[in-house]
1. What are the residue pairs meeting all of these: first residue in region 32-53, first residue modelled with pLDDT under 85, second residue not in a loop (DSSP other than H, G, I, E, B), Cβ atoms under 7 Å, and 6 or more apart or on different chains?
2. Can you tell me which of (1) of a type in the set (A, V, I, L, M, F, W, C); (2) modelled with pLDDT of 95 or more; (3) not assigned by TED's automatic domain parsing to the domain that holds P51 is the one L253 doesn't meet?
3. Within region 253-285, how many residues are of a type outside the set (G, A, S) and surrounded by 17 or more Cβ atoms within 10 Å (Cβ to Cβ)?
4. Within region 103-128, which residues are assigned to a helix (DSSP H, G or I) and in contact with a Pro (Cβ under 7 Å, 6 or more places away or on another chain)?
5. Looking at the structure I just gave you, is L229 of a type outside the set (D, E), in the same structural domain as S23 (by TED's automatic domain parsing), buried (at least 17 other Cβ atoms within 10 Å of the Cβ) and without any contact (Cβ under 8 Å) to a residue 60 or more places away in the chain?
6. Take the residues of region 54-73 that are free of Cβ contacts under 8 Å to residues at least 24 places away in the same chain and out of contact with any strand residue (DSSP E or B) (no Cβ under 8 Å at 6 or more places or on another chain): which is nearest to W102 (Cα to Cα)?
7. Only one of A131, A97, A87 is under 15 Å from the mean Cα position of the chain (by Cα), modelled with pLDDT of 95 or more, small (G, A, S) and assigned to a helix (DSSP H, G or I); which?
Amino acid sequence: MSANSGSGSAERRLVLVVGIGRSGSSLFTGILGQLGFHVPQPEVKADDTNPRGFSEPRWVVDFHTRLMRERRVSRFDSRPAAWQVTAQTADDDAVVADLSSWLAVQFVGVDNVVVKDPRLDWFLPLWLRCANALGVQTSLATMLRHPAAVVRSARDHYGSWQTDASRAASWANATLHTEQATRGARRVFVCFDDLLDDWSRELSRVGERLDLPWLVGLDRSQHPEADQLVDPGLRRSTIQWDGLAVPERLRALLEDAWPLVSRLAETDGDSEPTWTSLDLLREAYVELYAEAEAIAQSSVTAVKPRRNGTGLAAGARTGGSSSSPSRLRTVTRVIPSRYRERLAASGGLGALPLQIALLVPVRYRERVPLPVVRVGLRLMRGFRRV
């Protein structure tokens, strides 16, 4: 049986690969791509963080990134409340139209499509609504990897801008809430280490669970291109907590969660008893996060912009914000290079508040180069927005 025959009578299938970043979803999706599934093009280019490629459609990544920025949600977001914010996109007709149009195009000439992006977890209601409207049979494959290995891999590849504790909390948030959101759907769970040990056995199991018969009983020797994707060295990140700054209470919750979510990948493990235990853990995590938020209120308040009596941020009326390093860097980027030296010689914009500049008689201001005038207008608009 051909995975992508392009026949009009064949049933169209969509596999959504979910799971937190650094969990092995790129490898799993890449293998499916070698076994007949269409990975929408163009893909995100490989880099040092994933030299074998991401198998992520560029359009999907940009689409999700825009939605998350608008809603102030990050990829490794540990807030339980963030799920409610992103779920609302399924009720946004403009967003639904954008995704539906793109998704419909992906099935032109093919019957089986796989889409992967670590941000996809946040928008499952949106994807399921669009796929159902198109009459596409949708399945979900969730990648599982030990939280300590995920945190260590994320720190190694993405840096330490986010704390180990925050990333560990995001593992709990993403894994427990995604599991709940996918109940009742056609789904399968795949442990990263099992995929590395024997990818053909795991894909055969996936085929049985998701009703993809051409994956059942795969002969590994017949797919060397898929075999080449599996690097035993991918098991670089250990599952030890040593060297990771994760609070004991959070670590204990994660250690309770890991065997439970791993059970989902076992025969008959995706069942009511497991779901009940996971519900209790998810509630425990929500409670833990709420306590942390309450305790940390002073830290949150300390970084908020201060307000003056007018309701504006401090410095907005006086133009003090224009001298901040970030504002000056922004202004400098939009000034043509041939005028930057003149501004620097005169002390720069920080030494000439906009209010004083406006006191200069019109006959002299008219001699100011137009690009510099435009910068001033942008600054004024910026002050009004603050």
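1. Close Cβ pairs (under 7 Å, with a partner that is not in a loop (DSSP other than H, G, I, E, B)) amount to T49/H157; N50/S26; R52/G30; G53/S26; G53/G30; G53/E43.
2. The number of the failed condition is (3).
3. Total satisfying the criteria: 13.
4. Selection gives Q106 alone.
5. Judged against the criteria, L229 is not a match.
6. Ranking the qualifying residues of region 54-73, first place goes to D62.
7. Matching residue, one of A131, A97, A87: A87.
Table: residues versus (1) of a type in the set (V, I, T); (2) in the same structural domain as E272 (by TED's automatic domain parsing); (3) exposed (fewer than 15 other Cβ atoms within 10 Å of the Cβ); (4) touching a strand residue (DSSP E or B) at 6+ places or on another chain (Cβ under 8 Å).
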site	(1), (2), (3), (4)
L176	no, yes, no, no
E179	no, yes, no, yes
R187	no, yes, no, yes
D193	no, yes, no, no
S200	no, yes, no, no
R209	no, yes, no, yes
G217	no, yes, yes, no
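The values are calculated or read from the model by the stated rules, or taken from the named source; none is laboratory data. Owing to the predicted nature of the structure, the values given are computational and were not obtained by experimental measurement. Every residue, glycine as well, gets a Cβ built from its backbone with ideal geometry; the counts of neighbours run over all protein chains shown.
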